[in-house]
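Let me begin by presenting the structure, written as structure tokens, before commenting on it.
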Amino acid sequence: MATGWAGDGAVQDQIDATVDDAIKRARSRLPSGPSLEYCEECGELIPEARRKAVPGVRLCIACQQALDEEDGPSAGYNRRGSKDSQLR
């Protein structure tokens with residue numbers, strides 16, 4: 001039950017918006033187009049099995065792992081705030 005200025009279903013609307021944002025972010029990161037035969041970062045041959053498994057692949061496994069580690073985990077948005085921040 002929402003009170004004050006928040007309408008009914010406001011919490012669910014926030015949850016839906018967060019999920020939609022995460023889906024859009026994930027889809028924007030998917031590769032597209034034809035796969036490359038050679039890694040655009042280091043020039044190593046990308047195995048045919050990887051090119052078939054990941055359409056539009058542009059990096060070899062080693063370079064992709066390095067990129068993923070560099071990006072780190074995506075925390076997303078906590079629109080409600082953490083419990084610790086509410087206690088301060």
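The values are calculated or read from the model by the stated rules, or taken from the named source; none is laboratory data. What you are looking at is a predicted structure, and each value in this text was computed from that prediction instead of being measured. Positions of Cβ are backbone-derived with ideal geometry, glycine not excepted, and every protein chain shown enters the neighbour counts.
Of the residues that make up the range 31-43, is at least one assigned to a helix (DSSP H, G or I) and at pLDDT below 95? Explain how you work it out, then say what you get.
Looking only at the range 31-43, we keep the residues that are assigned to a helix (DSSP H, G or I), and these are none.
Within the range 31-43, not a single residue is assigned to a helix (DSSP H, G or I) and at pLDDT below 95.
Results for (1) touching a helix residue (DSSP H, G or I) at 6+ places or on another chain (Cβ under 6 Å); (2) among the hydroxyl-bearing types (Ser, Thr, Tyr), shown as yes or no for each residue.
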residue: 5; (1), (2): no, no
residue: 8; (1), (2): no, no
residue: 16; (1), (2): no, no
residue: 22; (1), (2): no, no
residue: 25; (1), (2): no, no
residue: 38; (1), (2): no, yes
residue: 42; (1), (2): yes, no
residue: 46; (1), (2): no, no
residue: 55; (1), (2): no, no
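Limited to the range 1-30, what total is found for residues that are within 18 Å of residue 68 (Cβ to Cβ), of a type in the set (Gly, Ala, Ser) and at pLDDT below 90?
Number satisfying all stated conditions: 2.
For residue 10, indicate whether it is loosely packed, with under 11 Cβ neighbours inside 10 Å and either among the aliphatic types (A, V, I, L, M) or free of Cβ contacts under 8 Å to residues at least 24 places away in the same chain (or both).
Against the criterion (loosely packed, with under 11 Cβ neighbours inside 10 Å and either among the aliphatic types (A, V, I, L, M) or free of Cβ contacts under 8 Å to residues at least 24 places away in the same chain (or both)), residue 10 does not qualify.
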